[in-house]
1. Taking amide H atoms as placed 1.01 Å from N in the peptide plane, list the residues 5 or more away in sequence, or in a different chain, whose amide H sits under 5 Å from that of Gly69.
2. Could you pull out every residue, at least 5 positions away or on a different chain, whose amide H is within less than 5 Å of the one on Arg11? Hs are placed 1.01 Å off N in the peptide plane, and Pro or chain starts have none.
3. Ile40 versus Phe6, label points 7 Å from Cα toward the beta carbon: distance in nm?
4. Using mean Cβ contacts within 10 Å as the protection proxy, how do 78-91, 20-33 order, highest first?
5. Taking R0 as 25 Å, what's the FRET efficiency between Asp84 and Glu22 from their Cβ-Cβ distance, rounded to 0.05?
Amino acid sequence: MVQSKFMARIRGPAHVRASILEAMTSGESFTAKIGWITHIPTSAADRELDIEKEGEGDDSSGEDTGGGGGKARTLHCTPMVGKDGGVGVWMVVFV
């Protein structure tokens, strides 16, 4: 199974990314419109390409994400709370 950092795949305005991180840290459910990237850059050439595309506001499919690249998606996250009152897992839905 391949795993990647969740926040590394989210593109968009800094305030949206900060709000998502804050909600997840505090264990609050949330819904947000984001840019979701399907390819995480692994090489220096890939990272340069991502930097060049950063801020173009759209991807090859023509979907406008409002800046920052990635495909426009609606993200809804709900924490699943355990017996101890802490977040055990997150239920994540992309539309």
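1. Gly55, Glu56, Gly57, Asp58
2. Long-range HN contacts for Arg11: Gly35, Trp36, Ile37.
3. Going by the 7 Å Cα→Cβ label model, 1.3 nm.
4. Numbers: 78-91: 10.9, 20-33: 13.4.
Going from most to least packed, we get 20-33, 78-91.
5. 0.70
Taken together, the values in this text are just the output of simple stated rules run on the coordinates, not laboratory data. In this text the structure is predicted, and so the values were computed from the model without any measurement. Backbone-built Cβ (ideal geometry, glycine too); neighbour counts: all protein chains shown.
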